[in-house]
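Asks: Supplied in structure tokens, the structure appears directly below.
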Amino acid sequence: MRRIYLDHNATTPVRPEVLEAMLPFFRERFGNASSIHAFGQAARAPVEEARAQAARLLGARPGEVFFTSGGTESDNLAIKGVAYANRGRGSHIITSQIEHHAVLNSCQFLEQEGFTVTYLPVDSDGLVDPDDVARTITDRTILVSIMHANNEIGTIQPVEEIGRIARERGVFFHTDAVQSAGKLPIEVDAMYIDLLSISGHKLYGPKGVGAVYIRKGTQIVQTAHGGHHEGDVRAGTENTPGIVGLGKAAELAFIEREAEAQHLTQLRDLLQRRLLDEIDDIRVNGHPTRRLPGTLNVSFTAAEGESLILSLDLKGIAVSSGSACTSGSLEPSHVLLALGLDPQLAQTSVRFSFGRDNTREDVEDVMEHLPEIVARLRAMSALTVKQEKIRGSGFGVRG
Ligand SMILES: *Cc1c(COP(=O)(O)O)cnc(C)c1O
């Protein structure tokens, strides 16, 4: 069976060029980048090159980029690091209701530690209103954390406007750019970003490596204590192969970003158009235009989402119900609920996320199977509703 992968927001394959770049660092160039002998130096220079490559993708200076174990650690470090370091100035944090759990759960943890967190609502397209940010900032606010682009629905936030407001009020601004890095232009200076998170495996690099941008002058407390690695921001021997892989992936993403975005947009729009033409009663979630190139989230009224995913999987097509971290929990997505979807409709939602190797043929294949699957699941759920009505009325069913 031909397998089609449409879940690139969950993770991406490592590009061959990236794997090639990493291999020597598992073999002969295994030295500890902190060692002063030749083995160590053979690992140090490539780590610094990777830092420059990651910095270039973000419009940052290399000295402000620090490697971590991934997007989750970068979010934790940025949020907790700023919170603890700035406790003397205030204890109020502003974020949104549709952040990734790495941000939401970091904020919830800080609430237990005595911080106060405002979770801003979003409109029905998933947008945060910058005026809400301005209104919510008080002289106790120390941090605003609003993601660049959402992993479930793809909505792109007005980070530049939000960043400007935070800067004017002397509040640090963090953005989770794990989904946008390599897909959207990022300029930390022009966008007033003080802290930013990226992850290797979301941009065709390896899993278990990420980076956090921290603007010079931003007070931060390290969350992992140990040796003097990564400018004393993040202790632990550098993951040299991973870092080199992330650097290579960032370099390629920087060079190819525009062509890649165009390719992803075409495929997304093709699938969206065909779904709307060929299946009744569906709803596209997320902003119609301010959306990640390859992300399409659709609710298929009365067709259960998990069943849709499993049925597509049987045909070799991999999609997801939103966030990979929460699937299987059977809870409706917090992002879709924040858009105002009722929980039942939220449960019928599927996320298609395209990647660089997808083709129009993949869209054709989805459309060959999906209308049938939706029709079958809808017929099943209609039957269930009918049976429940019969049971509820006390007629027709014994026992
Ligand atoms: C995947 C993801 C993360 C977590 O990154 P990991 O490297 O998997 O820890 C954080 N934020 C967003 C928006 C993501 O999509």
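The values are calculated or read from the model by the stated rules, or taken from the named source; none is laboratory data. As the structure is a prediction and not an experimental result, all values here were calculated from the model. Neighbour counts run over all protein chains shown; Cβ positions are idealised from the backbone, glycine included.
Asks: How many residues are within 16 Å of the ligand (Cβ to nearest atom) and hydrophobic (A, V, I, L, M, F, W, C) if we restrict to segment 142-161?
Replies: Qualifying residue count for the region: 6.
Asks: Same structure again: Collect the residues in segment 288-321 that are crowded, with 16+ Cβ neighbours inside 10 Å, within 16 Å of the chain's Cα centre (by Cα) and in contact (Cβ under 8 Å) with a residue 60 or more places away in the chain, keeping them in residue-number order.
Replies: Passing the criteria: R291, L292, P293, G294, T295, L296, N297, V319, S320.
Asks: May I pose another question? Looking only at segment 1-23, filter to residues that are acidic (D, E) and away from the ligand (no atom under 16 Å from the Cβ); which one of those is surrounded by the fewest Cβ atoms within 10 Å (Cβ to Cβ)?
Replies: For segment 1-23, the residue satisfying everything is E20.
Asks: Tell me, please, whether a residue that is out of contact with any Pro (no Cβ under 7 Å at 6 or more places or on another chain) and surrounded by 20 or more Cβ atoms within 10 Å (Cβ to Cβ) can be found in segment 24-31.
Replies: No, segment 24-31 contains no residue that is out of contact with any Pro (no Cβ under 7 Å at 6 or more places or on another chain) and surrounded by 20 or more Cβ atoms within 10 Å (Cβ to Cβ).
Asks: Can you name the residue in segment 216-231 that is surrounded by 12 or more Cβ atoms within 10 Å (Cβ to Cβ) and either small (G, A, S) or at pLDDT below 90 (or both) and is also farthest from F30 (Cα to Cα) among such residues?
Replies: Step by step, filter segment 216-231, then rank; the result is T223.
Asks: For segment 151-190, give me the residue count where each residue is more than 12 Å from the chain's Cα centre (by Cα) and either among the acidic types (D, E) or in the same structural domain as F352 (by TED's automatic domain parsing) (or both).
Replies: Summing the residues that are more than 12 Å from the chain's Cα centre (by Cα) and either among the acidic types (D, E) or in the same structural domain as F352 (by TED's automatic domain parsing) (or both) in segment 151-190 gives 5.
Asks: Hey, among T11, T116, T68, which residue is under 30 Å from L271 (Cβ atoms) and touching a residue at least 12 places away in the same chain (Cβ under 8 Å)?
Replies: Every option except T11 fails the conditions.
Asks: Let me ask another. Just to verify a result, which residue in segment 96-112, among those that are away from the ligand (no atom under 16 Å from the Cβ) and free of Cβ contacts under 8 Å to residues at least 24 places away in the same chain, is surrounded by the fewest Cβ atoms within 10 Å (Cβ to Cβ)?
Replies: Looking at the filtered set, the residue picked out is Q112.
Asks: Is there any pair with a first residue in segment 131-146 that is not assigned by TED's automatic domain parsing to the domain that holds T218 and a second that is assigned to a strand (DSSP E or B) whose Cβ atoms are under 7 Å apart and which are 6 or more apart or on different chains, and what are they?
Replies: Sorted first by the residue in segment 131-146, then by its partner, the list stays empty.
Asks: Which of the residues that make up segment 168-195 are within 12 Å of the ligand (Cβ to nearest atom), out of contact with any Lys or Arg (no Cβ under 6 Å at 6 or more places or on another chain) and not polar (S, T, N, Q)?
Replies: The answer is H174, D176, A177, A181, K183.
Asks: Please work out which one of (1) over 18 Å from G231 (Cβ atoms); (2) away from the ligand (no atom under 12 Å from the Cβ) is the condition A52 fails and give its number.
Replies: With respect to (1) over 18 Å from G231 (Cβ atoms); (2) away from the ligand (no atom under 12 Å from the Cβ), A52 is out only on (1).
Asks: Separate question: In segment 196-255, how many residues are within 12 Å of the ligand (Cβ to nearest atom) and among the polar types (S, T, N, Q)?
Replies: Count: 2.
Asks: What pairs come up if the first residue lies in segment 359-372 and is more than 13 Å from R273 (Cα to Cα), the second is modelled with pLDDT under 95 and exposed (fewer than 12 other Cβ atoms within 10 Å of the Cβ), and their beta carbons are under 8 Å apart, counting only those six or more places apart or on different chains?
Replies: D365/R2
Asks: What is the number of the single condition among (1) closer than 22 Å to P206 by Cα; (2) in a loop (DSSP other than H, G, I, E, B); (3) in contact (Cβ under 8 Å) with a residue 24 or more places away in the chain that I243 does not meet?
Replies: (2)
Asks: Still on this model: Within segment 40-61, is even one residue buried (at least 23 other Cβ atoms within 10 Å of the Cβ), in contact (Cβ under 8 Å) with a residue 24 or more places away in the chain and β-branched (V, I, T)?
Replies: No: segment 40-61 contains no residue that is buried (at least 23 other Cβ atoms within 10 Å of the Cβ), in contact (Cβ under 8 Å) with a residue 24 or more places away in the chain and β-branched (V, I, T).
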